[in-house]
1. Would you please name the residue that is nearest to A:A65 (Cα to Cα), looking only at residues in segment B:37-55 that are facing chain A (nearest Cβ under 7 Å) and either open to solvent by less than 30 Å² (accessible area, probe 1.4 Å) or among the aromatic types (F, W, Y) (or both)?
2. Would you confirm whether any residue within segment A:56-75 is hydroxyl-bearing (S, T, Y), open to solvent by less than 60 Å² (accessible area, probe 1.4 Å) and within 26 Å of B:A54 (Cα to Cα)?
3. Of a type in the set (S, T, Y) and either at positive phi or in contact (Cβ under 8 Å) with a residue 40 or more places away in the chain (or both), is that true of B:T70?
4. Condition check: touching an Asp or Glu at 6+ places or on another chain (Cβ under 8 Å) and farther than 24 Å from B:K11 by Cα. Does A:S50 satisfy that?
5. Which of (1) touching a Leu at 6+ places or on another chain (Cβ under 8 Å); (2) in contact (Cβ under 8 Å) with a residue 40 or more places away in the chain; (3) at the interface with chain A (Cβ under 7 Å from one of its Cβ atoms); (4) of a type in the set (A, V, I, L, M) does B:A25 not meet, given it meets every other one?
6. Can you tell me how many residues within segment B:1-34 are of a type in the set (D, E) and surrounded by fewer than 14 Cβ atoms within 10 Å (Cβ to Cβ)?
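The values are calculated or read from the model by the stated rules, or taken from the named source; none is laboratory data. Given the structure is predicted, the values throughout are model-derived calculations rather than measurements. A quick note on method: Cβ atoms are made from the backbone with ideal geometry, for glycine too, and the neighbour counts reach across all protein chains shown. Heads up: the accessible areas ignore ligands, DNA and RNA and are worked out on the full protein's heavy atoms, side chains in. Shrake-Rupley method; radii C 1.70, N 1.55, O 1.52, S 1.80 Å.
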Protein chains: 2
Amino acid sequence: MIRARVTITLKPGVLDPQGKAIEGALGGLGFAGVASARQGKVIDLKLEGSDRQAAEAEVAKMCEALLANTVVERYQIAIVD
Amino acid sequence: MIRARVTITLKPGVLDPQGKAIEGALGGLGFAGVASARQGKVIDLKLEGSDRQAAEAEVAKMCEALLANTVVERYQIAIVD
């Protein structure tokens, strides 16, 4: 069993209203030093098999096909174990 | 300026309908080897100052106060640079 973590973040320059809301809320709670906040998502996958390289290639295909919107997002794959 | 990444994931045992939907969709697209998928979120913060330890403590406070729901979620803080 292989565990992979996919981290999907907005590309720089893409507007992030959720991040802006977090910035505003943190300011409202008295956290003064926050210059910016941007929100992304993380997907933890458990994959059958034991070939890490094959798993990474498979996860990249999943990202292109479904997990990430590569027009506005970029993804990063980490094989955890 | 300090950059911090907060990764927020559901605690084990907490139902994750979004993750289940991803599992189902990946299966539907022909990705057969996915044993499980769980979705979390990531928040990238830029913080003023240069004291990394103070920044980490501050971000932990933000997680407890706003970013994470510690009843069902756990958070991990990484100071990136």
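1. Checking each candidate, the answer is B:A37.
2. No.
3. no
4. No, not satisfied.
5. Here B:A25 meets the rest and fails (2).
6. Of the residues in that region, 0 qualify.
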